[in-house]
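One structure is given below, represented as structure tokens, and several questions about it will come after.
The values are calculated or read from the model by the stated rules, or taken from the named source; none is laboratory data. No experiment lies behind these values; they were computed from the predicted model shown. With ideal geometry, Cβ positions are generated from the backbone for all residues, glycine too; neighbour counts draw on all protein chains shown.
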Amino acid sequence: MIGTQQSLEKGLDIRRALIYFFAAYCLVTVLATATSVTYGIIYQTPQPEELGVSLLKAPSFVATVPYHVVIMLLVWPVFAWMYFRKRQQSSHDKEVRETLRLSFFWLAAAMIVDLVCFVLIKHPYSLTPHEFYVEYEPWISLIYISIFLSPFIRLGVSRLVATK
């Protein structure tokens, strides 16, 4: 197991990255679900089981899935900022490298957690691999892109604020 000192030397604090990953992941899952459920309640849309369709074809999900990407773009950069707020980088290059490492780390973690939680573990919201990785396009790709870009969004915003 990589210790904290080793992870700092390599430029990524794995423990902090995991803590903020799981916090952000849980928050975006709750917000996205709440958005779809709230839409369904307000507009009284039928449930997927009433229609005999997958969750991906449910009217409330179809109507709100673009907002799920917006939620990702709002939440993940905040958690990237929280990850970096106490990290002091000695150079611009080191900060960019750590940002890149965090981006790849969070992307890989999201793909693994999605596979386990939404494909492998069976529950009312689980999907088949085909549904999740094929029918959920382009949304799943946009979500993964937003997770990957979030640390860079944080970097860009922090640089913009620092120049003012």
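Name the pairs: first residue in region 60-76 and closer than 16 Å to P46 by Cα and of a type outside the set (A, V, I, L, M), second residue modelled with pLDDT of 95 or more and part of a helix (DSSP H, G or I), Cβ to Cβ under 6 Å, at least 6 apart or on different chains?
Taking only residues 6 or more apart or on different chains, the pairs are S60/S36; S60/Y39; S60/G40; F61/S36; T64/T35; T64/S36; T64/Y39.
Six or more apart or on different chains, Cβ under 9 Å: which pairs go from a residue in region 18-30 that's without any contact (Cβ under 8 Å) to a residue 12 or more places away in the chain to one that's of a type in the set (G, A, S)? Could you list them?
F22/A109
If we scan region 83-93, do we find a residue that is acidic (D, E), without any contact (Cβ under 8 Å) to a residue 12 or more places away in the chain and not in a helix (DSSP H, G or I)?
No, the conditions are met nowhere in region 83-93.
Still on this model: Counting only residues that are among the β-branched types (V, I, T), part of a helix (DSSP H, G or I) and over 12 Å from the mean Cα position of the chain (by Cα), which one in region 113-151 is farthest from A80 (Cα to Cα)?
Among them, the one singled out is V134.
Still on this structure, I have one more. Residues in region 114-141 that are surrounded by fewer than 15 Cβ atoms within 10 Å (Cβ to Cβ) and either in contact (Cβ under 8 Å) with a residue 12 or more places away in the chain or not acidic (D, E) (or both): how many?
17
Inspect region 74-85 for any residue being over 18 Å from P151 (Cβ atoms) and buried (at least 16 other Cβ atoms within 10 Å of the Cβ) and give the result as yes or no.
no
Could I ask something else about it? Considering only region 8-59, state which residues are polar (S, T, N, Q), in a helix (DSSP H, G or I) and either more than 17 Å from S150 (Cα to Cα) or touching a strand residue (DSSP E or B) at 6+ places or on another chain (Cβ under 6 Å) (or both).
Selection gives T33, T35, S36, T38.
Continuing with the same structure: Determine whether L74 is of a type in the set (A, V, I, L, M, F, W, C) and closer than 16 Å to V157 by Cα.
Taking the combined requirement at face value, the residue satisfies it.
Does region 142-154 include one or more residues that are free of Cβ contacts under 8 Å to residues at least 12 places away in the same chain and within 18 Å of V28 (Cβ to Cβ)?
Yes: one or more hits.
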